[in-house]
1. Report, to the nearest 10°, how far helix 230-246 tilts away from the longest principal axis of the Cα atoms in the chain, using its own Cα long axis and a range of 0 to 90°.
2. Among rounded, prolate and oblate, which fits region 312-431 when a ≥ b ≥ c are the square roots of the eigenvalues of its C-alpha gyration tensor, a/c under 1.5 means rounded, and a/b larger than b/c means prolate?
3. Take the alpha-carbon centre of region 131-165, take the same for region 180-231, and report the distance between them in whole Å.
4. Just to be sure I understand: of the beta bridges DSSP finds with both ends in the chain, what percent are antiparallel, rounded to 5?
5. Using 0.36 nm times the number of residues separating residue 261 and residue 406, minus their current alpha carbon distance, what extension gain do you get?
6. Mind running the shape call on region 148-205? Use the C-alpha gyration tensor, a ≥ b ≥ c as the square roots of the eigenvalues: rounded below 1.5 for a/c, prolate if a/b tops b/c, oblate otherwise.
7. Between residue 416 and residue 144, how high is the FRET efficiency from 1/(1 + (r/R0)^6) when r is the Cβ-Cβ distance and R₀ = 41 Å? Nearest 0.05.
8. Give me the tail of P(r) for the chain as a percent: Cα-Cα pairs with distance above 36 Å.
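Throughout, read-outs are computed from the coordinates displayed, never taken from laboratory work. The shown structure was predicted, so the numbers you read here are calculated from the model rather than taken from an experiment. Methodologically, a virtual Cβ is constructed for each residue, glycine included, from the backbone with ideal geometry; neighbour enumeration extends over all protein chains shown.
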């Protein structure tokens, strides 16, 4: 699912404040259209965010579950607009179960959009000890478990071996200084001044490079957001420096002509990008859409003056949760619990090229033929991997970072002003 990690829901902040009031009437509709039965089975509605071949893989798992028992029928719907989940929840007509990204779990859960799963976990005897701790951290807060992670996502550097070789490089850049050299020598600007190829798109998310530069977004001891942290500021400056080499007008014109991400026209697949930063699913896409592409996978480049932060990165998850007001929460839990059993999680994540969130699944032979799996698995286990802090106001925080980041790149505000504005806006939410 991707690049999806940071397509965060700006309008969700407006809707979620009315959530608790809207959900107070959720019991009234329990006997309405949601109580559908098919062949005497309870029908539960499941909204998931995967599309295309990934959606087809999800439907295979749904079919497996439906055939595994005779009491529940899961009806899947590919719905990648997560804003509609909140609209349905606040309107009192949510699905019975849905997928989401881990960085939305705590904000949604703490504000009432997600039902805590702890009673279901306890009564069913579900053992959470096998989950990767970093993945489990994305779904738990203040003693509550709001979702279960079914896949884990990590970003790495992909590079076109042929393009780098033509530019005189025999391997990927290891440091940020080397990365800048590769960007300079692999980018192509035509005689008309228009960008024809770029070494690395400069508007990559600021989180990955912030961690590589030793940055943090939260000080737990001081109970304080830290957007002005030197590492965070350095990541903004890095992107700004690369962006300014080409300019907003040129970059916008260049990006407007790029092909669709999940297609054979993906800009990395056709050589419009010499390098890209992407997730563990990309090798599976390459196998499907560009099998002849000569590419490599490498760690995110680090600052040569801070080698202790080498092999840093950002971990996120895909999760399943039961929305507030779901008409069939017990049956939804049965499906959720089934999906997170090792055999079923392995079958799904191996098809997508995702990392499983069960420790017992990490070495499963089903991943032996998954391209790039071992590189991402090894990287995910590095000690410098982090997740954005799970905070009730995380949506607001990340939305503000995204807004200010775009303003920085386009020269509308200075980095210092933007980060101060972020601190001034978000810190009051801590209380």
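1. Tilt of helix 230-246: around 60 degrees.
2. Working: a/c = 3.00, a/b = 1.55, b/c = 1.93.
Oblate, because a/c is 1.5 or more while a/b does not exceed b/c.
3. 19
4. On the way: 30 of 43 bridges.
Of the beta bridges lying entirely in the chain, close to 70 percent run antiparallel.
5. Values: separation 145, 0.36 × 145 = 52.20 nm, distance 2.06 nm.
Between residue 261 and residue 406, full extension yields an extra 50.1 nm.
6. Numbers: a/c = 2.55, a/b = 1.70, b/c = 1.50.
The shape class here is prolate.
7. On the way: r = 37 Å, r/R0 = 0.91.
So the FRET efficiency works out to roughly 0.65.
8. Values: 25807 of 92665 pairs.
Of the Cα pairs, 28 percent sit more than 36 Å apart.
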